[in-house]
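Taking it in order: structure first as structure tokens, then the write-up.
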Amino acid sequence: MRKYLFITLSAAVFLIFLFTLFENALNAPSFDDYDTTINFIRRYYFDTESFKMRKDILLSRHNEHRILFSKSCAAIYYAIFGQLNFRHLIIFQNIFLLSFFGLMIAVIRQNKQLTPEMLLITCLFLFSLAFWQVTFYYWGGIQHYTVFFFSFLTLFAVNNAKQPLSASFFLGLLAALLAVLSFGNGFLALFLAAFILLIQRKWLMLGIWVICAAVLLYLTFLPLPEIKSAAGASFNAEWMARLLLTFLGSYLYINPATGQSVNIIVCMLMGLSVLIIWAWLFWKGYASKNPLLFSLLSLPILSGIIVAVSRFESKAAGGIAPRYMFFTATIPVLLVLILLDLKILKKEHLKYIAGIVLVIWGFGFYNNRTDLQKHNAEIVATIQKWESNPGTRLVYYREAYPYSEILSWAISKKVVIIPAKTN
């Protein structure tokens, strides 16, 4: 009876998430969409017909990273339909969330820990609204979902590869390429996959991997991107630590209307615990015992370090930014999986953990849904205001002209259709 209860709850969580997605996916650009999607379409299809220039546009950097997958999907959609529909693109990008969920289930099953309780715990963390900016906006999800899906797939495939000519090893190389070209932290998969091969003493595959990884690292970091000078605060280690610790425990953040400071402190304490457990696992040799699980856990932790160093000015608030929180959703799932593997947790404990997580999910889902709907309404209202006043800032922290000009061009060429609606 309990088995069917947890399976039913898992299905309910998924269906609630799916219903919320279809109800709130907005056909309107926002934030980075103006440059990385609409302006990309202009440069790719309207400003040039040269194959070489189009290739360069696809592979060009956005800030410090490449977003080939984001650009390619938008380009293919426009080529097929002759205009951009952001609602369709948002729904499409969530296919990668479903694929990522399936990959996590495969990892859990391979470690012989797939139970109805574990299924529910995984559903609660991955079908959450904590990272609503990733789920509901194309500029977020198409990059974050793909980089983690391909990074996890890289590690999973390399771990299972038996020889260099195997399908698994080839899949690992392909997934690594796509991870590197999806978002900035994809290069981490190159080092973690090499670590797995080193631990497993797969010397020939390691040699091939190092050569391929060197090429991909060159593609990632060289030539060095142009660094624009900007006035800002000097690096502050304390601020970075606040962001990192909050980030690593952000899966406990429920976005409360009151008591936010207390919730952040809870996240920071949990983040500190995550760091301690991670170091303890390495010290005790777990990285050698199960390099796949250790590497999978290391990926979001190392991603958090990168975010903390590059965005340290935002302090603890940066650790609960919805655009980053998808990266931490896997941490509790992997910790439970590792603790089960070490026999520190027993399967009978999972029902209590699932119950606690269900309560956290419920509060977080309600609070974040309110934020999502408020934000969607603001996007629609801003675009409608812009129609009567092109001097309106479409992105509140940027000057009005560049984005206003991009949207005016897109409307005149029927690349996008407004007024924006929620369906």
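The values are calculated or read from the model by the stated rules, or taken from the named source; none is laboratory data. Computed from a predicted structure; not experimentally measured. Positions of Cβ are backbone-derived with ideal geometry, glycine not excepted, and every protein chain shown enters the neighbour counts. What goes into the accessible areas is simple: the full protein's heavy atoms, side chains included, and nothing from ligands, DNA or RNA. Shrake-Rupley method; radii C 1.70, N 1.55, O 1.52, S 1.80 Å.
Looking only at the stretch 372-399, count how many residues are free of Cβ contacts under 8 Å to residues at least 60 places away in the same chain, part of a helix (DSSP H, G or I) and farther than 23 Å from F131 by Cβ.
6
Would you call L358 part of a helix (DSSP H, G or I) and either modelled with pLDDT under 95 or surrounded by 13 or more Cβ atoms within 10 Å (Cβ to Cβ) (or both)?
Values: part of a helix (DSSP H, G or I): yes; either modelled with pLDDT under 95 or surrounded by 13 or more Cβ atoms within 10 Å (Cβ to Cβ) (or both): yes.
Taking the combined requirement at face value, the residue satisfies it.
Among all residue pairs at least 6 apart or on different chains, which show Cβ distances below 7 Å where the first residue, located in the stretch 12-28, is under 17 Å from F86 (Cα atoms) and the second is among the charged types (D, E, K, R) and assigned to a helix (DSSP H, G or I)?
If the second residue must be among the charged types (D, E, K, R) and assigned to a helix (DSSP H, G or I), the pairs left are T20/R369; A25/R87; L26/R87; N27/R87.
Cβ-Cβ distance below 7 Å, separation of 6 or more or different chains: which pairs start in the stretch 108-126 with a residue that is within 14 Å of K347 (Cα to Cα) and touching a residue at least 12 places away in the same chain (Cβ under 8 Å) and end on one that is surrounded by fewer than 24 Cβ atoms within 10 Å (Cβ to Cβ) and charged (D, E, K, R)?
Hits for this filter: N111/D341; T115/K347; P116/K3; E117/K351.
Which one of these does L334 not meet: (1) in contact with a helix residue (DSSP H, G or I) (Cβ under 7 Å, 6 or more places away or on another chain); (2) without any contact (Cβ under 8 Å) to a residue 60 or more places away in the chain; (3) over 30 Å from F6 (Cα atoms); (4) not charged (D, E, K, R)?
(3)
Could you figure out which of (1) assigned to a loop (DSSP other than H, G, I, E, B); (2) within 24 Å of H62 (Cα to Cα) isn't true of K162?
All conditions pass for K162, except number (2).
Could you look through the stretch 325-355, keep only residues that are of a type in the set (D, E, K, R) and in a helix (DSSP H, G or I), and pick out the one that is farthest from Y145 (Cα to Cα)? Lay out the reasoning, then the answer.
Our first condition is that a residue be of a type in the set (D, E, K, R); within the stretch 325-355, this holds for 341, 343, 346-348, 351.
So of that shortlist, the ones also in a helix (DSSP H, G or I) come out as 341, 347-348, 351.
Working: D341: 27, K347: 29, E348: 32, K351: 28 Å.
Once the filter is applied, the top-ranked residue is E348.
Given (1) open to solvent by 90 Å² or more (accessible area, probe 1.4 Å); (2) at pLDDT below 90; (3) not in a loop (DSSP other than H, G, I, E, B), identify the lone condition not met by P402.
(1)
If I filter the stretch 209-222 down to residues being open to solvent by 60 Å² or more (accessible area, probe 1.4 Å), of a type in the set (A, V, I, L, M) and in a helix (DSSP H, G or I), which single residue comes out as modelled with the lowest pLDDT?
V215
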